[in-house]
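Enquirer: Dropping the structure in here first, questions after.
Where a number appears in this text, it was derived from the coordinates with a stated rule and is not lab data. From a predicted model like this one, the values you see are computed outputs, not experimental measurements. Using ideal geometry, Cβ is built from the backbone for each residue, glycine included, and neighbour counts are taken over all protein chains shown.
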Amino acid sequence: MGSNPVTKKSPVVEPLAGCSPPGWLSDPDRLAAVAAAEPPAFPPEEYEDRLRRVREAMADNGLDALLVSRPSAVEYLCGYFSAETIPQPLFVTAHDLVLFVPDFEVGRAVASSVAPLVRYFRYATAHTAYAAVAEFIAHGVGGGRIGADSRTPITMIDVLRDAECDVEPGSDMVDAVRIVMSPAEIECVRIAGESTERGVQAAYLAAARPGATDASVAAAISGALVEQATSRSAWQVVVATGNRASIPHSTWRGVPLVEGSTFLEFAGTHHRYHAPIMRTFCKGEPSPLVSRLAGLARECVAGVLETARAGAPCDEVARTVSKQLGTLPEGVVFHELFGYPVGLAHPPHWMDSVPFNITIDNPEPLREGMVFHMPGSFRSIGEAGVGVSQTFAITATGTEVLTLGSAEMVQL
């Protein structure tokens with residue numbers, strides 16, 4: 001993460017189910033070159049602490065082992081990431097950490113993972129290999145109690161149960177652990193916020209050019225996000241202009257920017273840690289409706305940042321801010337979501353963790369080290385939409401905003 005590269009040992013790499021070993025694995029120089037190609041984002045102590053916390057959670061829940069298949073949770077524990085999207089499970093016990101990948105991904109495992117053991121299966125028959133992975137795991141735990149996260153292939157769960165293992169599906173405890181972030185992780189989000197701000201400034205410059213379209217603004221944002229980044233965003237750049245800004249999750253389609261509000265939403269990243277924002281700019285004088293929506297959005301974000309703190313129940317924060325907003329004008333829509341967790345994420349979205357939202361339905365207290373995106377978007381469907389937001393961390397005394405710039409509509 002910092003300026004000093006972190007080195008790592010090459011893992012033990014072994015075939016599974018009769019898979020032939022890649023030739024380069026037997027060449028020590030090539031193996032060392034692959035292992036050194038990508039220094040880990042964090043020092044060994046960071047991964048050790050994460051693993052310790054997850055193992056404590058396993059013990060508290062009576063689990064002998066845990067199967068982790070959500071890509072962001074796998075990366076959280078061992079650093080592994082790849083552009084490949086098929087399930088590549090991580091097997092965790094009190095003493096072992098084993099990463100399972102296709103043979104074509106062995107290079108990625110050696111380059112990015114700190115797992116001490118990598119087992120690989122044939123890429124060409126990956127759809128049938130999960131049974132062999134499950135058989136290996138069943139043999140290792142001897143019928144013990146295994147947690148399996150919600151991304152675990154059903155084939156693996158069936159094979160484990162056939163082997164008389166007690167499988168607990170939906171055990172997303174890695175996500176429950178990682179929702180409280182370390183100082184090093186929060187620093188990654190802070191750096192991501194700098195990338196996000198480059199996207200914001202690029203958007204304003206592009207929007208001011210003659211003939212600007214929603215697509216040209218999106219292209220400028222995308223270029224700014226990537227130019228100095230270490231990773232890409234898990235979700236697309238959203239640009240919606242005119243009355244299309246009033247339709248949630250609409251995005252660019254190659255049309256000219258119109259008078260009135262244009263809605264933006266995107267995230268800069270650093271090592272796949274995300275710092276999303278919403279921003280809105282207005283061409284020309286804002287209408288009374290757009291001005292009212294902008295005021296509500298600004299007030300909503302400010303209310304959350306002033307109210308949230310470690311120990312505060314989520315529902316109390318949501319009710320307090322909702323009361324501050326008062327009754328919304330007729331026809332104005334707000335999702336009543338006053339914050340959702342963000343951080344390390346893989347596609348398809350930066351909302352890539354267990355639900356722990358700041359809503360009137362969640363009585364759980366906020367904890368120091370949690371990081372949220374507060375999406376202050378207000379819309380009059382079919383007419384106009386305005387959104388502003390910040391990404392922020394929960395501290396002992398309040399909040400720390402990790403994104404840059406003010407959460408206010410900008411007039412161009």
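Enquirer: Order these by the 10 Å Cβ neighbour count, fewest first: LEU257, LEU404.
Expert: LEU404, LEU257
Enquirer: May I pose another question? Under 17 Å between alpha carbons, and skipping anything fewer than 8 positions from LYS8 in its own chain: which aspartates and glutamates qualify?
Expert: ASP29, GLU38, GLU45, GLU46, GLU48, ASP49, GLU75
Enquirer: Quickly rank 47-55, 126-134, 261-269 as a protection proxy: mean count of other C-beta atoms within 10 Å, highest first.
Expert: 261-269, 126-134, 47-55
Enquirer: May I ask you to derive the FRET efficiency for LYS9 and VAL258 from their Cβ-Cβ distance with R0 = 51 Å, giving the value to the nearest 0.05?
Expert: After rounding to 0.05, the efficiency reads 0.35.
Enquirer: Separate question: Residues with amide H under 5 Å of ASN362's amide H, sequence separation 5 or more or different chain, H placed in the peptide plane at 1.01 Å from N; which?
Expert: Close amide H contacts, sequence-distant or interchain: ASP315.
Enquirer: If you don't mind, there's one more thing I want to ask. Rounded to two decimal places and with Rh computed the Kirkwood way over Cα pairs, what is Rg over Rh for the range 21-87?
Expert: Rg/Rh: 1.06.
Enquirer: Using unit Cβ charges (K, R positive; D, E negative) and no other charged atoms, how large, in debye to the nearest 20, is the dipole of the chain about its Cα centre?
Expert: Using only the charged Cβ atoms, the result is roughly 940 debye.
Enquirer: Let me ask another. Taking the square root of 5 times each eigenvalue of the Cα gyration tensor, what semi-axes in Å does the equivalent ellipsoid of the range 183-411 have, largest first?
Expert: Semi-axis lengths for the range 183-411 are 27, 22, 13 Å.
Enquirer: Any chance you could list the semi-axes, whole Å, largest first, of the equivalent ellipsoid that the Cα gyration tensor gives for the chain, using √(5λ)?
Expert: 42, 24, 19
Enquirer: Same structure, new question: What is the projected area of the convex hull of the Cα atoms of the range 81-220, averaged over all directions, in nm²?
Expert: Over every viewing direction, the Cα hull of the range 81-220 projects on average to 11.8 nm².
Enquirer: Applying a 10 Å radius around every beta-carbon, put 32-39, 335-342 in order of their mean neighbour count, most first.
Expert: Top to bottom by mean Cβ count within 10 Å: 335-342, 32-39.
Enquirer: Okay, next question. Hey, fewest Cβ within 10 Å first, where do GLU14, GLU45 land in order?
Expert: GLU45, GLU14
Enquirer: Report the one residue of PRO28, LEU97, ALA83 whose Cα lies farthest in the direction of the positive end of the charge dipole of the range 15-137 (charges on C-beta: Lys and Arg +1, Asp and Glu -1; origin at the Cα centre).
Expert: So the residue we want is ALA83.
Enquirer: Is there a quick way to get the dipole size of the range 131-185? I mean about its Cα centre, with the Cβ of Lys and Arg at +1 and of Asp and Glu at -1; what is the value in debye to the nearest 20?
Expert: 100
Enquirer: Pop out the ³J(HN,Hα) list for the range 355-362 in order, Karplus 6.51 cos²θ - 1.76 cosθ + 1.60 with θ = phi - 60°, rounded to Hz; leave Gly and Pro as x.
Expert: x, 8, 9, 7, 9, 6, 9, 10
Enquirer: Could you work out [θ]222 nm for the chain from helices alone, using -39500 (n - 2.57) per DSSP H run of at least four and dividing by all its residues? Round to the nearest 500 deg cm²/dmol.
Expert: Calculated at 222 nm, the ellipticity per residue is -11000 deg cm²/dmol.
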